[in-house]
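To keep things clear, I will list the structure first and then write my remarks on it.
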């Protein structure tokens, strides 16, 4: 299989005013594209060239560091773009909403937990809502471009929602105010996609 | 009248009572130059947010985390030498506080050029030339994945080496594999350059050489050698 650099599912300015057009453009055309290019170059040097990213992540501790860093960067950003949409936000519905209420008490309490994970990640990284092997939900964060699919993860699970908290994700608009960026993010979460990811895991 | 006297005595005693609880030795130092002093290499807005928001937050969080403890009277280098015993809130904020103060001093307006004297000789002896040193230092900066720092360090054997650390760690910390006395540093967190350089970290590093304060680094090098 050839690796493809995914299309951004909306225009650079589609998430304004929550995520600004310049951030989206640099984030997608420079950061994400560089991860893609460097991943393709790094994986070619291994026996796993052509394997799906999810499978690569289950062996990532045995692969060269650039595969982990740039493969993570490729996968995480793709999931992130798809997790957002213009005119989105609100609250999840259906089975995902039920599961969130069962696990966290309410959507607001879930958001508070996710906000904490995102705000307290020191340095560069991601916050995740993921589904564990027993189908229960979990919130965690990971450093740099790691993610919960990696065999190096201390919260192994399948991510269904990710928030990039590298400074490049918000610095042009929010500078040091990461909590303001996290608040803005909730206005563009594409819950339809997150719910679909959740249900496809349940149906497996 | 007697009552008033009692009040006066009590009020007069308050400052002495407070003095008894010694002030922390750790201070938030002024920036050694104006926010726009490093233009056009480091822009004014970056300097202002970097110093007044990021650096100040590290200091405030560190001060709050050690309040009322012995660490208020412990020199930073001694804190770093035992940092593995401290919680993340102290490690991260102590590093953020100390590293940034060091970084401001490693830069100055009308800086740049080449190091002279013993440091110039040691760089040539260790790296072959100043250009080679710059190349290796810049490479360490570009290669640091995520947030971190690049350092020129004097090892226990008195020899120079280049190292990079993650997040707000530094070569004094006993959690580091390669330890020593840092004499020069560069912040490669995105907040250090994103407003002006965005994803182009390499351009930021190139610009940085124009503001390097070699006088300061030479002084630290001389002190590090004396300590050996």
Item to check | FRET efficiency estimate (nearest 0.05) - Cβ-Cβ, residue B:39 to residue B:222, R0 45 angstrom | outcome: 0.90
Checklist entry - Which residue, B:78, B:138, B:166, tops the fluctuation ranking in a GNM of chain B built on C-alpha contacts under 10 Å? => result B:78
Checklist outcome for this item: In nm, the gap between the two label points placed 7 Å beyond Cα toward Cβ at residue A:199 and residue B:64 is 4.3 nm
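Find, to one decimal place in angstroms, the Kirkwood hydrodynamic radius of segment A:94-202, where the mean of 1/r is taken over every pair of different Cα atoms and then inverted.
On the way: mean 1/r = 0.0704 Å⁻¹.
Its Kirkwood hydrodynamic radius stands at 14.2 Å.
Once you order the gyration tensor axes a ≥ b ≥ c over the Cα atoms, which shape class does chain B get: rounded for a/c under 1.5, otherwise prolate or oblate by comparing a/b with b/c? Mind showing how you got there, number by number?
Details: a/c = 2.17, a/b = 1.80, b/c = 1.20.
Because a/c hits 1.5 or more and a/b exceeds b/c, chain B counts as prolate.
Mean 1/r over all different Cα pairs, inverted: what Kirkwood radius does segment A:21-82 give, in Å? Mind dumping the intermediate values first?
Working: mean 1/r = 0.0844 Å⁻¹.
Result for segment A:21-82, one decimal place: 11.8 Å.
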Next on the checklist: Using only Cα atoms and rounding to the nearest 10 degrees, what angle (0 to 90) does helix B:117-127 make with the longest principal axis of chain B?
Outcome noted: 60 degrees
Checklist entry - For chain A, what does the alpha-carbon gyration tensor say about shape, rounded, prolate or oblate, given a ≥ b ≥ c as the root eigenvalues, a/c under 1.5 as rounded, and a/b over b/c as prolate? => result oblate
Item to check | Cα long-axis angle, helix B:214-227 against chain B (0 to 90 degrees, to the nearest 10) | outcome: 70 degrees
Next on the checklist: As I understand it, the value is the acute angle between the Cα axis of helix B:130-143 and the longest principal axis of the Cα atoms of chain B; what does it come to in degrees, rounded to 10?
Outcome noted: 70 degrees
Next on the checklist: Tell me whether segment B:50-150 comes out rounded, prolate or oblate; compute the Cα gyration tensor, take square roots of the eigenvalues as a ≥ b ≥ c, and use a/c under 1.5 as the rounded threshold.
Outcome noted: prolate
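Any read-out appearing in this document is the output of simple, stated calculations on the displayed coordinates, not a laboratory observation. As the structure is a computational prediction, the values presented were derived from the model and not from experiment. For neighbour counting, all protein chains shown are included, and Cβ atoms are generated from backbone atoms with ideal geometry for every residue, glycine included.
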